[in-house]
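Trainee: I have a structure I would like to understand better, so I am pasting it below and will then ask my questions one at a time.
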Amino acid sequence: MSSISIWKDKAEESFFSPLRHDITVDVAIVGGGITGITAAYILSRAGKKVAVLEARKIGEGATGSSTGNLYCTIGSPGLHNVKSKFNHEKIKEVVESRAAAVNFIEERVKEFDIDCDFKRVPWSLFTEDEAGKSFVEKEKKAAQEAGLAITENFSYPWKVNEGFTVENQAQFNPLQYVVSLAKSIKSANCSIYDLTKVTDVEEGDVCTVTTAGGKVTASQVIMATHSPKGIYAVHMNMGPYREYAVGVTLNGTYPPAGTWWNMVKPTEHYSMRTYDTSKGRILMVLGEMHKVGQKENNHECYETLKKYLRERFDVASVEFTWSAQQFKPADGIPYIGLSTGNSKTYIATGFSADGLTYGTLASMIISDEVLGKENKWSDTYKASRITPIASAKEFIKENVNVAVEFIKDRFTKTEADEFADVTIGQGKVMEIDGKKHGVYRDETGKLHVVSAVCTHMGCINHWNEVEQSWDCPCHGSRFSIDGEVLEGPAYTALNKVIV
Ligand code: FES
């Protein structure tokens with residue numbers, strides 16, 4: 001069983017050299033996922049000199065962990081909830097703008113002849129029982145109000161209590177798409193760097209972006225990093241969540257082509273689809289969401305998904321497991337554009353689980369803004385907006401949660417008193433010289449000790465047993481066993497302690 005995402009099975013490798021000297025460009029793009037590479041495409045085509053700085057390899061962050069589904073509706077909190085926070089016009093704008101982003105991807109696939117298994121498929125939302133019925137009914141009505149043509153013809157051959165379908169949505173291999181697009185656009189105007197971790201961005205008359213290999217001087221910066229690196233007001237307006245994916249082969253019948261969302265709880269769905277790999281046809285299911293760093297036994301999440309599949313299908317083998325992160329915005333709408341009115345830094349975040357479509361849309365909006373062109377959706381997603389009424393409930397919920405985690409972890413007893421309490425494969429928080437540390441013992445018995453204090457804003461990290469990482473429960477930063485940043489908003493590694 002592989003613990004990497006299914007897309008790597010078929011995607012070609014990317015090989016972009018790290019940055020090794022100082023450069024000057026018009027726009028520095030931090031992050032080489034779908035948002036960053038799409039923005040690089042649009043801006044370099046328009047004559048701007050751009051540099052993409054990717055900490056890992058192109059597409060291997062959030063883009064490579066996604067489901068590869070493209071749709072003009074949205075997942076959580078659902079169109080009906082966005083309508084209740086704003087109005088009927090807002091959901092029309094969301095659906096229209098997201099449809100434009102899906103079309104944009106299809107056009108790039110054709111333009112560059114990208115072999116990423118792009119195909120148009122139906123998207124369906126349904127529930128098997130009463131649990132998610134109310135959500136489905138409200139969502140059906142909202143989808144119609146947003147101008148979507150829905151059908152109730154279900155080709156899903158298993159139990160459906162209530163549901164509806166929107167035709168002509170899409171699926172692809174997101175990693176292959178982004179890697180191919182990056183290779184196609186690399187030019188004198190568009191430089192792309194793998195393994196180039198940004199450690200600071202400073203704004204002055206110009207912006208200075210610092211990496212280990214060199215500085216990038218730019219007029220503007222685009223933070224295409226899922227959650228913007230550093231400290232931004234939007235971090236207080238978003239909740240970081242982790243979820244899990246399992247891919248299996250079946251002995252029996254597979255669901256037909258399409259994106260299948262089953263409301264398994266009143267406000268939560270599992271997402272299912274198939275994909276053909278070197279291991280045969282795979283049925284994948286993604287779900288079991290929880291706040292980052294706030295699930296003690298996250299092995300359970302995989303087990304619950306496997307049980308779900310086994311109860312409905314004749315599962316032959318489990319071939320893939322991986323996990324993914326998402327950031328939920330307080331008012332249900334992503335934050336796209338300048339971080340504040342007088343900043344030179346653009347942000348694109350709060351995509352929930354709808355990031356492939358929103359990432360593409362974000363790059364379309366931000367590129368227009370950089371180029372001084374009007375974009376009709378700029379105001380809808382404006383990053384510096386204040387929506388006190390629409391955001392109030394989620395804002396309070398997420399920030400009370402952050403405050404509770406911050407205080408609780410400082411005053412509760414640590415998980416280990418001495419190194420001997422940490423057995424092989426375990427990670428525990430332990431006090432050393434009066435300070436909280438994360439202690440992990442690897443398979444050889446060696447200890448890996450790092451400060452447990454998150455370098456973003458000081459919360460105490462928690463051990464993630466499945467992924468063997470230190471995860472921050474406040475704004476979702478994640479760190480390796482030796483303290484390296486795996487996921488922002490933190491810039492800086494955890495202090496490593498030699499024992
Ligand atoms: Fe903000 Fe850790 S991510 S304090």
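The values are calculated or read from the model by the stated rules, or taken from the named source; none is laboratory data. Model, not experiment: these values are computed from the prediction. Every residue, glycine among them, receives a Cβ derived from its backbone with ideal geometry; neighbour counts consider all protein chains shown.
Trainee: Being in a helix (DSSP H, G or I), touching a residue at least 24 places away in the same chain (Cβ under 8 Å) and either surrounded by 23 or more Cβ atoms within 10 Å (Cβ to Cβ) or of a type outside the set (S, T, Y) (or both) narrows it down to one of G75, G64, G47, G59, so name that one.
Mentor: The match here is G64.
Trainee: Could you pull out the residue among E152, E203, E162 that is modelled with pLDDT under 95, surrounded by fewer than 21 Cβ atoms within 10 Å (Cβ to Cβ), under 21 Å from S76 (Cα atoms) and among the acidic types (D, E)? Write out each step before concluding.
Mentor: On the way: E152 fails: under 21 Å from S76 (Cα atoms); E203 fails: under 21 Å from S76 (Cα atoms).
Step by step, each of E152, E203, E162 is checked, and only E162 is modelled with pLDDT under 95, surrounded by fewer than 21 Cβ atoms within 10 Å (Cβ to Cβ), under 21 Å from S76 (Cα atoms) and among the acidic types (D, E).
Trainee: Still on this structure, I have one more. Pick from the range 219-230 the residues that are away from the ligand (no atom under 16 Å from the Cβ) and crowded, with 24+ Cβ neighbours inside 10 Å: which of them is nearest to the chain's Cα centre (by Cα)?
Mentor: Step one: of the range 219-230, the residues away from the ligand (no atom under 16 Å from the Cβ) are 219-222, 224.
Then keep just the ones that are crowded, with 24+ Cβ neighbours inside 10 Å; that gives 221-222, 224.
On the way: V221: 20, I222: 17, A224: 11 Å.
Here the answer is A224.
Trainee: For the structure I just gave you, tell me whether N262 is surrounded by fewer than 17 Cβ atoms within 10 Å (Cβ to Cβ), polar (S, T, N, Q), touching a residue at least 12 places away in the same chain (Cβ under 8 Å) and more than 16 Å from the ligand (Cβ to nearest atom).
Mentor: no
Trainee: Could you check the range 371-384 and list, in sequence order, the residues that are in contact (Cβ under 8 Å) with a residue 24 or more places away in the chain and either closer than 14 Å to Y335 by Cα or touching a Lys or Arg at 6+ places or on another chain (Cβ under 7 Å) (or both)?
Mentor: W377, S378, T380, Y381, K382, A383, S384
Trainee: Continuing with this model, one more query. Out of K110, K138, I need the residue that is charged (D, E, K, R), free of Cβ contacts under 8 Å to residues at least 12 places away in the same chain and at negative phi. Which one?
Mentor: K110
Trainee: Next question, about the same structure. Among the residues of the range 422-441, is any more than 26 Å from M236 (Cα to Cα), surrounded by 16 or more Cβ atoms within 10 Å (Cβ to Cβ), at pLDDT 90 or above and among the aromatic types (F, W, Y)?
Mentor: yes
Trainee: Also: Among the residues of the range 96-125 satisfying the criterion of being β-branched (V, I, T) and under 11 Å from L361 (Cα atoms), which is surrounded by the fewest Cβ atoms within 10 Å (Cβ to Cβ)?
Mentor: Here the residue is V102.
Trainee: So, restricting to strands (runs of 3 or more DSSP E) that lie completely within the range 422-499, which ones have at least 3 residues that are of a type outside the set (F, W, Y), in contact (Cβ under 8 Å) with a residue 12 or more places away in the chain and more than 13 Å from the ligand (Cβ to nearest atom)? Write out each step before concluding.
Mentor: Numbers: elements: 427-432, 435-441, 447-451, 462-464, 469-471, 485-487.
Ranges flagged: 427-432, 435-441, 447-451.
Trainee: Can you tell me which residue in the range 411-421 is farthest from the ligand (Cβ to nearest atom), limited to those that are part of a helix (DSSP H, G or I) and without any contact (Cβ under 8 Å) to a residue 60 or more places away in the chain? Break it down stepwise before answering.
Mentor: Going residue by residue through the range 411-421, those that are part of a helix (DSSP H, G or I) are 411, 419-421.
Cutting the leftovers down to without any contact (Cβ under 8 Å) to a residue 60 or more places away in the chain gives us 411, 420-421.
Details: F411: 17, A420: 29, D421: 25 Å.
Checking each candidate, the answer is A420.
Trainee: Further question on the same structure: When the range 238-259 is examined, which residues are found to be buried (at least 24 other Cβ atoms within 10 Å of the Cβ) and touching a Pro at 6+ places or on another chain (Cβ under 9 Å)?
Mentor: Answer for the range 238-259, where residues must be buried (at least 24 other Cβ atoms within 10 Å of the Cβ) and touching a Pro at 6+ places or on another chain (Cβ under 9 Å): M238, P240.
Trainee: Continuing with the same structure: Quick one: which of I192, I231, I222 is in contact (Cβ under 8 Å) with a residue 40 or more places away in the chain and part of a loop (DSSP other than H, G, I, E, B)?
Mentor: I231
Trainee: If only one of Q325, Q294 is part of a strand (DSSP E or B) and either touching a residue at least 12 places away in the same chain (Cβ under 8 Å) or within 20 Å of G78 (Cβ to Cβ) (or both), which one is it?
Mentor: The conditions single out Q325.
Trainee: Does the range 8-35 hold any residues that are closer than 17 Å to T199 by Cα and not β-branched (V, I, T), and which are they?
Mentor: P18, L19, R20, H21, D22, A28, G31, G32
Trainee: Just one of A212, A233 is within 16 Å of the ligand (Cβ to nearest atom) and aliphatic (A, V, I, L, M); which is it?
Mentor: Within the list A212, A233, the selection yields A233.
Trainee: Looking at (1) free of Cβ contacts under 8 Å to residues at least 60 places away in the same chain; (2) touching a strand residue (DSSP E or B) at 6+ places or on another chain (Cβ under 7 Å), which one does E300 not meet, given that it meets all the others?
Mentor: Exception for E300: condition (2).
Trainee: Continuing with this model, one more query. What single numbered condition from (1) farther than 15 Å from C190 by Cβ; (2) at pLDDT 95 or above fails to hold for S65?
Mentor: So S65 meets the others, but not (2).
Trainee: Based on what the data block shows, is T274 under 21 Å from K307 (Cβ atoms) and among the β-branched types (V, I, T)?
Mentor: Taking the combined requirement at face value, the residue satisfies it.
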